[in-house]
Amino acid sequence: MIDLTIRFDPKERTIKPRPKLLEALHKDTHAQKIFDNLPPSLKKEIVRYISFLKSDQSIQRNIDKAPGFLNGQNRFVGRDKP
């Protein structure tokens, strides 16, 4: 016998992008357009990756890489292109 209980957890678990990431995308309008057209899962992957970084140096380094990745210039989050 097994007794299961299911409960609804209404707590929202959305991760907000770091303001510095939004600022970097705002400066590069082409990268912003590509980011806006990405599938939600890839947007979430990029935002989560940067949100979970700890040091300021790694956060800034990855925020600097993100527009280049979106423009197809470098690798980011283990991908060659968006």
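The values are calculated or read from the model by the stated rules, or taken from the named source; none is laboratory data. Just so we're clear, the structure is a prediction, and the values are computed from it rather than from any experiment. All Cβ positions, glycine included, derive from the backbone under ideal geometry; neighbour counts span all protein chains shown. Side chains are part of the model used for accessible areas, which takes the heavy atoms of the whole protein and leaves out ligands, DNA and RNA. Shrake-Rupley method; radii C 1.70, N 1.55, O 1.52, S 1.80 Å.
Per-structure values
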read-out: Count of residues meeting criterion [more than 24 Å from R13 (Cα to Cα) and either aromatic (F, W, Y) or loosely packed, with under 14 Cβ neighbours inside 10 Å (or both)] in region 23-54; value: 5
read-out: Residue identified as outside any helix (DSSP H, G or I), among the charged types (D, E, K, R) and within 13 Å of the chain's Cα centre (by Cα) among K43, K11, K16; value: K16
read-out: Residue, surrounded by the most Cβ atoms within 10 Å (Cβ to Cβ), within region 55-76, restricted to residues that are charged (D, E, K, R) and either at positive phi or free of Cβ contacts under 8 Å to residues at least 12 places away in the same chain (or both); value: K65
read-out: Near pairs, Cβ below 7 angstrom, 6+ apart or cross-chain, from region 13-29 (without any contact (Cβ under 8 Å) to a residue 24 or more places away in the chain) to any residue that is open to solvent by less than 60 Å² (accessible area, probe 1.4 Å); value: H26/Q32
read-out: Qualifying residue in region 21-30 (condition: assigned to a loop (DSSP other than H, G, I, E, B), within 13 Å of the chain's Cα centre (by Cα) and not aromatic (F, W, Y)); value: no
